[in-house]
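Inspection log for the structure reproduced underneath, given as structure tokens.
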């Protein structure tokens, strides 16, 4: 069997981070009670830089806001901005997490990216940071 070379390099540096971050919008939020906000979409996609095939998955975001929330229409456009970007599943999860953490500055943020089965493999990436004071999910 002949091996072919797959681009293994971490491609997160190829993502136009500042352009993407500028898409994200927030609104002021002050709650009497701590809230754990859960956002789910089954419409995330990017391109595998090794094969050129689409990586499609479900993205779950849980966060406890400190003083602002993400605006959902802006989040949708932000996520759609990855559709033609070649980036592996693990780094794109990191990038999305870093961007949301930077923009929201939440008390707590957790992202779970579950990709559709490809080649007989299921991939789930988890990133979590902060201390939660809200009820459990």
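Please treat every number below as a calculation from the coordinates, not as lab data. Note that the coordinates shown come from a computational prediction; the quantities given were computed from them, not determined experimentally. Every residue, glycine among them, receives a Cβ derived from its backbone with ideal geometry; neighbour counts consider all protein chains shown.
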Handout entry: Matching label, Rg and Dmax of the Cα atoms in Å computed from the structure shown, candidates (1) 13.9, 43; (2) 15.3, 45; (3) 16.0, 63
Key = (3)
Problem - Spin-label pair residue 45/residue 105, simplified geometry with 7 Å Cα→Cβ offset, distance in nm - result: 3.7
Practice task
For the range 46-91, build the convex hull from the C-alpha positions and give me its volume per residue in Å³.
Solution key: 85
Problem - Potential lengthening between residue 19 and residue 131 on full extension [0.36 nm per residue; Cα-Cα distance subtracted] - result: 37.4 nm
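Quote to one decimal, in nm, the extra length available between residue 77 and residue 28 on full extension: 0.36 nm per residue of separation minus the C-alpha distance between them.
On the way: separation 49, 0.36 × 49 = 17.64 nm, distance 1.98 nm.
Full extension of this stretch gives 15.7 nm more.
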Exercise for the section: Taking the chain as the reference, fit the longest principal axis to its C-alpha atoms, fit the long axis of helix 89-104 to the helix C-alpha atoms, and give the angle between the two in degrees, 0 to 90, nearest 10. Expected result: 20
